[in-house]
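Notes for the one structure printed next.
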Amino acid sequence: MKKVNWLVVISGVAVGIAALALTFFGNPANMGFCIACFERDIAGALSLHSAAKVQYMRPEIMGIILGAFIIALLTKEFKPKAGSSPATRFVLGGIVMIGALAFLGCPLRMVIRIGGGDITAMIALLGFVAGVFIGTLFLKRGFNLKRAYPAPLAEGAVMPALAVFLTILAFIAPVAIKMSVEGPGSKHAPVIIALVIALVVGALAQKSRLCMVGGVRDAILFGDFKLLYGFVAIIVTIIIGNLIMGNFNLSMYNQPVAHSDTLWNVLGMMLVGWASVLLGGCPLRQLVLAGEGNGDSAVTVFGMIVGAALSHNFSWAGNPDSVNETGEYVVGGISDNGKIAVIACIAIVLIISFVNSRKGAKKNG
């Protein structure tokens, strides 16, 4: 293994430990780190949606951005750029979030759930890999959102500056923004602990280029598995931690904040994988790139937050399995509106994939 591979492995172990620690300190079970869930909670805290159970200013998101920003500055890798089809990236960011919330988690939470024994997440992984594979087919066809161009320092500093502002809101949350009093949004680690842990994760993710979408994409296109080592490390670390703490539950059912509607778990994660390949990285990677000064990734993050708001305002997001008052197990899933939204998003991603491919463009031109 090359030196860079060990850095990826170390980063994966660190992320696994961070997820376990954040859960220990108060984050929901199997949700120590979930970019989609946390951005959804932030959208709720800012009143972009009114789902009372998922409203909290998650400092982990700001910590990842600022950790990446600080290490990029120190290593002279903070290079602002923008202009690579920002409107398309905004739409794709929203679509990634719609798919993720249908499944109830981003790729990072998917592997964390796998580490907790969640069989539904293991099945959803097949959909995710299928989505990445479809995306690589369009990359081979010449898919391209065009190049980004150097931008002023002020442009690159917008997202880190916004992260600082939102961090301040996180510390004064009870008097400034909405906070859940029950449900996943009410479960959280202390702000300072979450922020410090996320700063470390952001710095490590920036140096290692940790990205599950990139790992699967590179494995398919080039037979290069080094980025995947990091996510194997996350799963192994989470499994060991859960076994030690007695939290490992190998089952499709009774998983925290998850549903066992297999088809829509698979389709949701297929959508996430496909759209993320077109964007050039998973939700975690987009946060890191935004911290490095990439304005297009910042636009993508804004798209994801808007996608989260739409998912909850229009009841597209998944509902977890539950036990009713009579003790009967009730399988969750997504509403008919949510199913229509996922199918519509798959159609939109297909159109974007085709229109922005050179072969498709020549055929249409």
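The values are calculated or read from the model by the stated rules, or taken from the named source; none is laboratory data. Predicted model, so just to flag it, every value in this text is computed and none were measured. Note that we place each Cβ from the backbone using ideal geometry, even for glycine, and neighbour counts take in every protein chain shown. Ligands, DNA and RNA are stripped out before the accessible areas are found, and what is left, the full protein with its side chains, is counted by its heavy atoms. Shrake-Rupley method; radii C 1.70, N 1.55, O 1.52, S 1.80 Å.
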Quiz item: Within the accessible area of the stretch 2-83, what % is carbon and sulfur when the probe is 1.4 Å and the other protein chains stay in place?
Solution: 71
Quiz item: Per residue of the chain, what 222 nm ellipticity follows from adding -39500 (n - 2.57) for every DSSP H run with n ≥ 4, rounded to the nearest 500?
Solution: -21500 deg cm²/dmol
Exercise. Decide, for the chain, between rounded, prolate and oblate: order the square roots of the alpha carbon gyration tensor eigenvalues as a ≥ b ≥ c, take rounded if a/c falls under 1.5, and otherwise choose prolate if a/b is larger than b/c, else oblate.
Key: rounded
Quiz item: Each residue of the stretch 104-118 in turn: what ³J(HN,Hα) in whole Hz from Karplus with 6.51, -1.76, 1.60 and θ = phi - 60°, glycine and Pro shown as x?
Solution: 6, x, 8, x, 5, 5, 4, 6, 5, 5, 4, x, x, x, 6
Quiz item: Of Lys76/Lys226; Lys79/Lys187; Lys76/Lys140, which pairs sit farther than 28 Å apart, going by alpha carbon to alpha carbon?
Solution: Lys79/Lys187; Lys76/Lys140
Quiz item: In percent, how large is the relative contact order of the stretch 91-250, given Cα pairs closer than 8 Å and 6 or more residues apart?
Solution: 40
Exercise. For the stretch 62-179, just say rounded, prolate or oblate: build the C-alpha gyration tensor, square-root its eigenvalues into a ≥ b ≥ c, call rounded for a/c under 1.5, and beyond that prolate if a/b exceeds b/c, oblate if not.
Key: oblate
Practice problem: Find, among the GluC sites (Glu not before Pro) in the stretch 29-137, those assigned to loop by DSSP (not H, G, I, E, B) with at most 16 other beta-carbon atoms within 10 angstrom. | Solution: Glu77
Quiz prompt | With at most 13 other Cβ atoms within 10 Å, longest stretch of the chain clear of loop trypsin sites (Lys or Arg not before Pro) (DSSP) | solution = 148-365
Exercise. With a 1.4 Å probe and every protein chain left in place, work out the accessible area per residue of the stretch 127-242 in Å², rounded to a whole number.
Key: 46
Quiz item: From the residues Tyr253, Phe314, Val277, which one has its Cα farthest along the dipole of the chain in the positive direction, the dipole being from +1 and -1 charges on Cβ of Lys/Arg and Asp/Glu about the Cα centre?
Solution: Val277
